Amino acid sequence: MYKAHLFICTNAPENPAKCGHKNAEKLHAALKEKCSKMPWAKDVRINKSGCLGPCERGINAVLYPQNKWFHELKESDVDLLFAEVEKAIKADFA
Ligand code: FES
């Protein structure tokens, strides 16, 4: 099991009401790249997901097993999500 598994909704880029339209793919790619350089990279997984439900609050993401939700993310929120993933990893070793 991964110590942190983040799902970022990249659904429906053609639809202005959905997360994919808000550059969620770029957020996903940048975060995945950043995490891949860390010594704990094998302990995390950063996935794209389909619709997570609360589309009007997108970009949405959810971190497991912490079950922590993030809403209204922007393409530029790479560092915010990175900090959350890193915090989850470090908490696991605490
Ligand atoms: S499209 Fe992202 S939560 Fe529905």
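What to note about this one:
- Beta bridge orientation in the chain: antiparallel %, DSSP, nearest 5: 55 percent
- Taking the helices alone, the chain has a mean residue ellipticity at 222 nm of -10000 deg cm²/dmol, built from -39,500 (n - 2.57) per DSSP H run of at least 4 residues and averaged over all its residues.
- The ratio of the alpha-carbon radius of gyration of the chain to the globular-protein estimate 2.2 N^0.38 Å is 1.02.
- Distances between every pair of Cα atoms in region 41-86, grouped in 10 Å steps from 0 to the bin holding the largest one, split as 22, 62, 15, 0 percent.
- Using alpha-carbon coordinates, inclination of helix 24-36 to the longest axis of the chain, degrees: 10 degrees
Every read-out reported here was derived from the displayed coordinates using simple, explicitly stated rules and does not represent laboratory data. The structure presented is a predicted model; accordingly, all values stated were derived computationally and were not measured.
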